[in-house]
Amino acid sequence: MPIQNFTLHQLGWQPGYAQHLTLQDFEAGYPARVVAVHRNGLAVLSARGAATVILPHGLAAAVEPAVTVGDWLLIETDAPRVLRVIERRSLVARIAAGSDHRTQSIAANLDTLFVVTSCNDDFNLSRLERYLAIAFEAGVEPVIVLTKADQCADVESCLDAARSIAPAVAVVAIDATSAASIAPLAAWLAAGQTVAFVGSSGVGKSTLANTLLGNAAQATSGTREDDARGRHTTTAREMFVLPCGAWVIDTPGMRELQVGAIEAGMSAAFDDIETLAAQCRFHDCRHQGDRDCAVEAAVAEGTLDDRRLANYRKLQRETANAARSTRERREHDRHYGLLNRNAQRLQREKKGRDY
Ligand SMILES: Nc1nc2c(ncn2[C@@H]2O[C@H](COP(=O)(O)OP(=O)(O)OP(=O)(O)O)[C@@H](O)[C@H]2O)c(=O)[nH]1
Ligand SMILES: [Mg+2]
Ligand SMILES: [Zn+2]
């Protein structure tokens, strides 16, 4: 693809970002958007074109979760040096696989999160609820995309089921391999908009990205690897522009998507349960055999699905665990930071005595 110059507006810049910058910031540097994270640096695009920059250690350590695709940086005017990471408008994140419960960034500064699942094997309401809670927590509009509609005998019941868990969220069923079929997605793909695809491996995220790209360069060249079964699977994260001017972030399918401390996202995704909970007799009702529990009454009446309640409980537990781990890690870091500073002070005093 020829190197293209984009205006800030085309890159997705919005006036809100400037609120966090001073006049001095604009004199010292210019905004650039992270379009790929490589081992040897961050690929950025700005009104000046493409560049690769390295995030200084101090800056990297100060931004948590880490800088990711979609982030905006302020780059020094006369040198390819990052001055600061511009405050994010939104961040989609999860808890990294492994034990230490750190939050891992998926994509920053999105306008829309396409939650992709297929109408067949992958279709799972509890998984969809999990993604919706993450999108709401991030402050990003979710859209549920049901792929492989061409291989499903009863698309309508998939659509109805998806709508039943989130009445306010748009749901579209498509054949990701067909350009005509994906036309309904255009509503979220105006120039300068940034969207990401998330969902299990094999549901068709990259296929959809390629169909959106049409005859433009392949969305996935260089970012896919054949796995043991000869399938193509997305391995890297990058952002690319569609012919319509929208930016797309394709992500690798995640086998286990653990949620962080997403209290606000949970309230938005499960507002029906939280409204019911407000009517329970006891304000600390656990909705498990407690007296006069409005939530369990709704399950008994058949107005609330017990699958949905079980999933809500499960996600609440994950949220509480994540919040506790973050608290514990902060305390741990504070404690060791203090020990370290004391050790350094002792060393300095000792040195002073030696001379
Ligand atoms: N018939 C049909 N096939 C599809 C559709 N969407 C995806 N496929 C096929 O499903 C397979 C997997 O699609 P990918 O686009 O690689 O899936 P992915 O979500 O990017 O997977 P990961 O990168 O592993 O996360 C490919 O063989 C696609 O051709 C669809 O809507 N209809
Ligand atoms: Mg893929
Ligand atoms: Zn209750």
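The values are calculated or read from the model by the stated rules, or taken from the named source; none is laboratory data. Note that the structure is a prediction, hence the values are computed from the model and not measured. Neighbour counts are summed over all protein chains in view; Cβ atoms, including those assigned to glycine, are modelled from backbone coordinates with ideal geometry. Heavy atoms of the whole protein, side chains included, go into the accessibility calculation; ligands, DNA and RNA do not. Shrake-Rupley method; radii C 1.70, N 1.55, O 1.52, S 1.80 Å.
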Under DSSP H, which helices of the chain have Cα atoms covering 15 Å or more of the helix axis and a Kyte-Doolittle average no less than -0.5? 125-138, 155-165
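Beyond 14 Å, how much of the Cα-Cα pair distribution for the stretch 39-79 remains, as a whole percent?
49
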Counting only DSSP beta bridges with both residues in the stretch 15-85, tell me the antiparallel percent, nearest 5. 95
Quick query: amide H of Leu91 versus all other amide H atoms, modeled in the peptide plane; which residues come in under 5 Å with a sequence gap of 5 or more or a different chain? Asn109
Kirkwood Rh and Cα Rg combined as Rg/Rh, the stretch 15-85: 0.93
At 1.567 mPa s and 4 °C, plugging the Kirkwood radius over alpha-carbon pairs of the stretch 42-183 into Stokes-Einstein gives what diffusion coefficient in µm²/s? 74
Stokes-Einstein translational diffusion, the stretch 46-114 - Kirkwood Rh over all Cα pairs, 1.567 mPa s, 4 °C, in µm²/s: 97
Mind checking the per residue accessible area of the stretch 91-250 for me, 1.4 Å probe, whole number of Å²? 40
Just round it to a whole percent: the fraction of Cα-Cα distances in the chain exceeding 38 Å. 26
Any chance you could check the Cα centroid distance between the stretch 23-67 and the stretch 294-327 for me, in angstrom? 39
Per 10 Å bin, what percent of the C-alpha pairs of the stretch 109-160 does each bin hold, from zero upward? 26, 48, 23, 3
Just how far, in whole angstrom, is the stretch 263-288 from the stretch 146-169 if you go by their alpha carbon centroids? 26
Calculated FRET efficiency, Ala264 and Ala168, Cβ-Cβ r, R0 22 Å, to nearest 0.05? 0.90
For a quick size check, give me the Cα extents of the stretch 263-330 along its three principal axes, largest first, whole Å. 44, 21, 17
Mind checking the dipole of the stretch 15-85: about its Cα centre, +1 per Lys or Arg Cβ, -1 per Asp or Glu Cβ, Debye to the nearest 20? 220
With Cys280 itself left out, Lys, Arg at +1 and Asp, Glu at -1 over residues whose Cβ is under 10 Å from its Cβ give -1
What is the Cα coordinate range of the stretch 91-250 on the first, second and third principal axes, sorted by size from largest, in whole angstrom? 39, 38, 37
Report for the chain the percent antiparallel among DSSP-assigned beta bridges with both residues inside it, nearest 5. 60
Dipole of the stretch 91-216, Cα-centred, from +1 at each Lys and Arg C-beta and -1 at each Asp and Glu C-beta, to the nearest 20 debye? 320
Could you run the Debye sum over the Cα atoms of the stretch 297-344, one equal point scatterer each and no solvent, and tell me log10 of I(q)/I(0) at q = 0.17, 0.27, 0.32 Å⁻¹, two decimals? -0.64, -0.89, -1.01
Relative contact order %, the chain, counting alpha carbon pairs below 8 Å whose residues are six or more apart: 14
